[in-house]
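Down below is the structure, laid out as structure tokens.
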């Protein structure tokens, strides 16, 4: 039963990676942030903040995708409520992405400037 649940989860991840360009972009950016964190030597607490931030953006994108699919199935014709639901889900992803940029600046900016200026 548990293994079957993991199978469903991995099938979902596979679907997302095959079909959702934005999800792939966000994963690449997340991996870039991890590489930058390794280079700049983040503290354990900073790693936790970075991991939570990356997971937040990725999870919001995946939830957005599942909501878009479900709404599209439930309301194949154009409907104002269906559009609003999809727009709100997209806004959630945008909010997460903006938050991740702010977190990235707070985690990386001063260290990056110091590292690049040699101080």
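Considering the conditions (1) under 30 Å from residue 115 (Cβ atoms); (2) part of a helix (DSSP H, G or I); (3) touching a residue at least 40 places away in the same chain (Cβ under 8 Å), residue 62 is excluded by exactly one of them, (1). Go through segment 1-21 and report how many residues are exposed (fewer than 15 other Cβ atoms within 10 Å of the Cβ) and within 20 Å of residue 64 (Cβ to Cβ). Number of matching residues: 11.
Flag not set for residue 42, criterion: touching a helix residue (DSSP H, G or I) at 6+ places or on another chain (Cβ under 7 Å), within 28 Å of residue 103 (Cβ to Cβ), in a helix (DSSP H, G or I) and touching a residue at least 12 places away in the same chain (Cβ under 8 Å).
Considering each residue of segment 100-119, count those that are in a helix (DSSP H, G or I) and either over 22 Å from residue 31 (Cβ atoms) or without any contact (Cβ under 8 Å) to a residue 40 or more places away in the chain (or both), and give that number.
First pass over segment 100-119, keeping only residues in a helix (DSSP H, G or I): 100-117.
When the remaining residues are screened for being either over 22 Å from residue 31 (Cβ atoms) or without any contact (Cβ under 8 Å) to a residue 40 or more places away in the chain (or both), the result is 101-102, 105-106, 109-110, 113-114, 116-117.
Qualifying residue count for the region: 10.
Residue-wise test of (1) modelled with pLDDT under 95; (2) surrounded by 15 or more Cβ atoms within 10 Å (Cβ to Cβ); (3) within 22 Å of the chain's Cα centre (by Cα).
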{"site": "50", "(1), (2), (3)": "no, yes, yes"}
{"site": "53", "(1), (2), (3)": "no, yes, yes"}
{"site": "66", "(1), (2), (3)": "no, no, yes"}
{"site": "76", "(1), (2), (3)": "yes, no, no"}
{"site": "103", "(1), (2), (3)": "no, yes, yes"}
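Going by the structure shown, is residue 34 under 20 Å from residue 114 (Cα atoms), under 15 Å from the mean Cα position of the chain (by Cα) and part of a helix (DSSP H, G or I)? Yes, satisfied. Considering (1) part of a loop (DSSP other than H, G, I, E, B); (2) surrounded by 11 or more Cβ atoms within 10 Å (Cβ to Cβ); (3) without any contact (Cβ under 8 Å) to a residue 60 or more places away in the chain, the lone condition that residue 71 does not fulfil carries the number (1).
The values are calculated or read from the model by the stated rules, or taken from the named source; none is laboratory data. None of the values given here were measured: they were computed from a predicted structure. In this analysis, Cβ positions are derived from the backbone assuming ideal geometry, glycine residues included, and neighbour counts consider all displayed protein chains.
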